[in-house]
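For reference, the structure is listed below as structure tokens.
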Amino acid sequence: MKDKKKIVSIIVFVVGMITLVVGVVFLVLGFVSKPAIQDGEYLVEVGSWEEEGAPGVVWTFTEIGKGSLTTNNQTNNYDFIWAIEGDKLKIETDWLYTLENEYVYKIDQDKGTLTLSNPDEGVEEIVFRAVSTDETSLE
């Protein structure tokens, strides 16, 4: 009887120590890892996004809900308003007339990419890369 109580006590102690160690590991990881920022904040923090394979096509997210874009190396800039709803990025551009676009978006903060798609309108995939304002094509 004493041996069973001793074995149960040792097992409970070992399980408790393992739980304590796992808890400490997760606590330390929580302190050391950089906090993830929300997608909208990340778009604004990066600022300018240039389309891969199309130099001169730059979308600039200036603040939450506002931005501008150019398709010809800053010769013409067009204002837009934007919103994120779920996995959709909605953009309303003040072009020659108002354009309303909706894309399924994915942001990879580690790689600095923004991927847009809208198969319903024939847009399979557009990839933008994060660029600093001095890297955007201004030629």
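The values are calculated or read from the model by the stated rules, or taken from the named source; none is laboratory data. Predicted model only: the values in this text are computed from it and were never measured. So basically every Cβ, Gly included, is an ideal-geometry build from the backbone, and we count neighbours across all protein chains shown. Heads up: the accessible areas ignore ligands, DNA and RNA and are worked out on the full protein's heavy atoms, side chains in. Shrake-Rupley method; radii C 1.70, N 1.55, O 1.52, S 1.80 Å.
Taking label points 7 Å from Cα along the Cα-to-Cβ direction, V12 and V28 give a separation of 2.8 nm. Pairs of Cα atoms nearer than 8 Å and 6+ residues apart set the relative contact order; for the chain it is 18 percent.
Got a sec? What order do I84, I91 fall in by accessible area at 1.4 Å, biggest, i.e. largest, first?
On the way: I84 55, I91 10 Å².
Accessible-area ranking of I84, I91, largest first: I84, I91.
Dipole magnitude for the stretch 1-106: about 1480 debye, using +1 per Lys or Arg Cβ and -1 per Asp or Glu Cβ, origin at the Cα centre. Our estimate of slack between K106 and A54, defined as 0.36 nm per intervening residue step minus the Cα-Cα distance, is 16.8 nm. When the chain is treated as a GNM with alpha-carbon contacts under 10 Å, the residue of L27, L96, L69 showing the greatest mean-square fluctuation is L27. Farthest toward the positive end of the dipole of the stretch 1-135, out of G47, W95, T70, is the Cα of G47, where the dipole comes from beta carbon charges about the Cα centre. Using a 10 angstrom cutoff on alpha carbons, build the Gaussian network for the chain and name the most mobile of Q109, Q38, Q74. Result: Q38 has the largest fluctuation of those listed.
If each DSSP helix of 4+ residues adds -39,500 (n - 2.57) and the sum is divided by the residues in the chain, what number results at 222 nm, nearest 500 deg cm²/dmol? Provide the component values of the computation, followed by the final result.
On the way: 2 runs with 39 residues, N = 139.
Value at 222 nm, helices only: -9500 deg cm²/dmol.
From the Cα gyration tensor of the stretch 11-72, with a ≥ b ≥ c the square roots of its eigenvalues, which class applies: rounded if a/c is under 1.5, or else prolate if a/b is larger than b/c, or else oblate? In terms of gyration-tensor shape, prolate. Each of I18, F80, T60 was placed along the dipole of the chain (beta-carbon charges, centred on the mean Cα), and the one lying farthest toward the positive end is I18. The stretch 44-126 has equivalent-ellipsoid semi-axes of 18, 16, 14 Å, by the square roots of 5 times the alpha carbon gyration tensor eigenvalues, sorted largest first. So if each residue of separation counts as 0.36 nm, and I subtract the Cα-Cα distance between D87 and Y42, what length gain in nm does that give? Additional length available on full extension: 14.7 nm.
Treating r as the C-beta distance of W95 and L20 and R0 as 41 Å, the FRET efficiency rounds to 0.10.
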